[in-house]
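Report on the following structure.
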Amino acid sequence: MEQRDRLKCLDELIADLGGADNGMHTNGPCGLLSEHLRAARSALLGSRPVEYGLSLELAKGSVACVADKNARNRTTAMVRNLIDSNAPPDGSSRAPGTESTTN
């Protein structure tokens, strides 16, 4: 998934949660989820892949706040898709902060 597609997905998730508020804290039951998604967006734009991945994992753990079951399932699927698209292409998992040493 390309960066613009990731940004579009994150923007959609943030807007769905009512968090499209120019970076202000979102009050309500999904404020933490919204903050994790905004942090992921910021990390993606700042080329910080470790922080991006961590923010997505934290968002995945916060999805339970979405009261509507269909919306929760949709949000979970979108966050998982973002996480999966962030995985190394060879399917291996790298420890945070490590770089690929392929020559």
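Within the range 60-83, which residues are farther than 17 Å from D5 by Cβ and of a type in the set (G, A, S)?
Selection gives G61, S62, A64, A67, A71.
Before we move on, is S47 at pLDDT below 95, over 12 Å from the mean Cα position of the chain (by Cα) and not aliphatic (A, V, I, L, M)? Steps first, please.
Working: at pLDDT below 95: yes; over 12 Å from the mean Cα position of the chain (by Cα): yes; not aliphatic (A, V, I, L, M): yes.
Here the answer is yes, as S47 does meet what is asked.
Yes or no, residue by residue, for (1) modelled with pLDDT of 95 or more; (2) more than 14 Å from the chain's Cα centre (by Cα); (3) in a loop (DSSP other than H, G, I, E, B); (4) loosely packed, with under 15 Cβ neighbours inside 10 Å:
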| site | (1), (2), (3), (4) |
| --- | --- |
| L10 | yes, no, no, no |
| M24 | no, yes, yes, yes |
| S34 | no, no, no, no |
| L37 | yes, no, no, no |
| A40 | yes, no, no, no |
| S55 | yes, no, no, no |
| A64 | no, yes, no, yes |
| A67 | no, yes, yes, yes |
| D84 | no, no, no, yes |
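Mind listing whichever residues of the range 12-22 are at pLDDT 90 or above and more than 16 Å from N81 (Cβ to Cβ)?
A15
The values are calculated or read from the model by the stated rules, or taken from the named source; none is laboratory data. Since this is a predicted model, take the numbers as computed values, not measurements. Please note: Cβ atoms are built from the backbone with ideal geometry, for glycine as well, and neighbour counts cover all protein chains shown.
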